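The values are calculated or read from the model by the stated rules, or taken from the named source; none is laboratory data. Because the structure is predicted, anything quoted here is derived from the model rather than measured. Here the Cβ positions follow ideal geometry from the backbone for every residue, glycine too, while neighbour counts run over all protein chains shown. To get the accessible areas, we keep the full protein, side chains included, count just its heavy atoms, and leave off ligands, DNA and RNA. Shrake-Rupley method; radii C 1.70, N 1.55, O 1.52, S 1.80 Å.
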Amino acid sequence: MKLAFSTLGVPGLPIPDVVRLAATHGYHGVELRAHPEEPVHPGLHLPQRADVAAEFKAAGIEILGLAGYARVAAPGDDEPVLQEIRDLLELARDLGAPFIRVFPGAGTEQSPEEADATAARRLGTAAEYAADLGVRILLETHDSHRTGADAMRVLGLVGHRQVGALWDVMHTWLGGEQPTSTFPALSPYLGYVQVKDIASADDKTPLPLGSGVLPLTECVEVLSREGWDGWLCWEYEKRWYETAAPLPDLLGPGREHLARLLNESA
């Protein structure tokens with residue numbers, strides 16, 4: 001498995017510094033948070049996009065994916081959501097990123113069936129555009145569709161190879177689902193896995209990997225046992241928790257912890 005980290009852990013950090021962190025600490029790739037407050041977002045012009053891609057290529061670091069914020073199950077008109085996805089897909093194409101991340105984001109006024117159908121309709125439409133651009137859309141286990149079983153309901157309806165899943169281990173754990181259940185549900189669709197650690201369900205302040213309660217060992221064991229060889233991406237949510245320790249100081253020990261889990265599960 002290859003290792004990456006998300007720029008959610010280094011809010012606003014210039015791209016040359018992000019690339020340098022990845023190279024210095026032995027990460028193979030980076031997940032870029034695609035938001036207007038970050039250096040990379042859909043508003044970038046083509047020359048700026050080319051500069052970002054060149055920066056990563058020169059260092060031999062891959063752009064794993066773009067973490068966007070489109071909410072595919074949200075109530076309302078389809079077109080604004082589809083346009084948000086199209087903009088993100090075009091940015092990924094220009095940067096050479098294989099994946100974009102979307103959220104479920106269903107509203108409380110929707111029934112589960114209505115939310116599933118809304119998400120599947122939008123993802124099915126966006127999938128055709130994604131196929132043309134050679135980018136895959138990943139639905140994250142998050143918010144209204146927290147578990148692998150939840151995500152599978154939507155992905156099963158879509159049934160398109162360009163639409164898959166992003167497994168966030170915190171949300172499946174919060175949803176009461178064990179890794180031994182999540183992986184079989186998501187395995188036909190799995191793009192990559194986001195790892196992290198927290199103190200408890202009530203305190204989600206990000207912690208160094210291995211110092212919290214999330215089942216990272218079990219997750220890696222399941223992936224290894226099944227021969228999965230994709231990406232593990234550390235999503236350290238520094239942007240939402242200002243008091244959390246700075247991520248750059250933790251990247252080296254974090255990589256060592258993941259490498260140890262991989263070795264022990266081999």
Single match in D94, D78, D51, D116 (criterion: open to solvent by 50 Å² or more (accessible area, probe 1.4 Å), of a type in the set (D, E, K, R) and modelled with pLDDT of 95 or more):
D51
Let me spell it out: the conditions are (1) more than 22 Å from Q83 (Cβ to Cβ); (2) hydrophobic (A, V, I, L, M, F, W, C); (3) outside any loop (DSSP other than H, G, I, E, B), and I198 meets all of them except one. Which number is the exception?
(3)
Segment 168-185, residues that are of a type outside the set (S, T, N, Q) and in contact (Cβ under 8 Å) with a residue 40 or more places away in the chain
D168, V169, M170, W173, P179, F183
Looking at V220, V213, can you tell me which residue is surrounded by 14 or more Cβ atoms within 10 Å (Cβ to Cβ) and not in a loop (DSSP other than H, G, I, E, B)?
V220
So is P208 open to solvent by 50 Å² or more (accessible area, probe 1.4 Å) and either closer than 27 Å to E38 by Cβ or acidic (D, E) (or both) or not?
yes
What's the number of the only condition in (1) among the small types (G, A, S); (2) modelled with pLDDT of 95 or more; (3) within 16 Å of V72 (Cβ to Cβ) that S181 fails to meet?
(3)
Criterion: surrounded by 15 or more Cβ atoms within 10 Å (Cβ to Cβ), among the aliphatic types (A, V, I, L, M) and under 24 Å from A165 (Cα atoms) - qualifying residue of L13, L21, L66:
L66
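Take the residues in segment 224-238 that are of a type outside the set (F, W, Y) and in contact with a helix residue (DSSP H, G or I) (Cβ under 7 Å, 6 or more places away or on another chain); name whichever of them is surrounded by the fewest Cβ atoms within 10 Å (Cβ to Cβ).
Result: E226.
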For segment 1-19, how many residues meet the condition of being touching a Leu at 6+ places or on another chain (Cβ under 7 Å) and part of a strand (DSSP E or B)?
3
For segment 239-257, check the following and say yes or no: at least one residue is part of a loop (DSSP other than H, G, I, E, B), among the β-branched types (V, I, T), free of Cβ contacts under 8 Å to residues at least 40 places away in the same chain and open to solvent by less than 70 Å² (accessible area, probe 1.4 Å).
no
Take the residues of segment 97-111 that are touching a residue at least 12 places away in the same chain (Cβ under 8 Å) and farther than 15 Å from G68 by Cβ: which is surrounded by the fewest Cβ atoms within 10 Å (Cβ to Cβ)?
E109
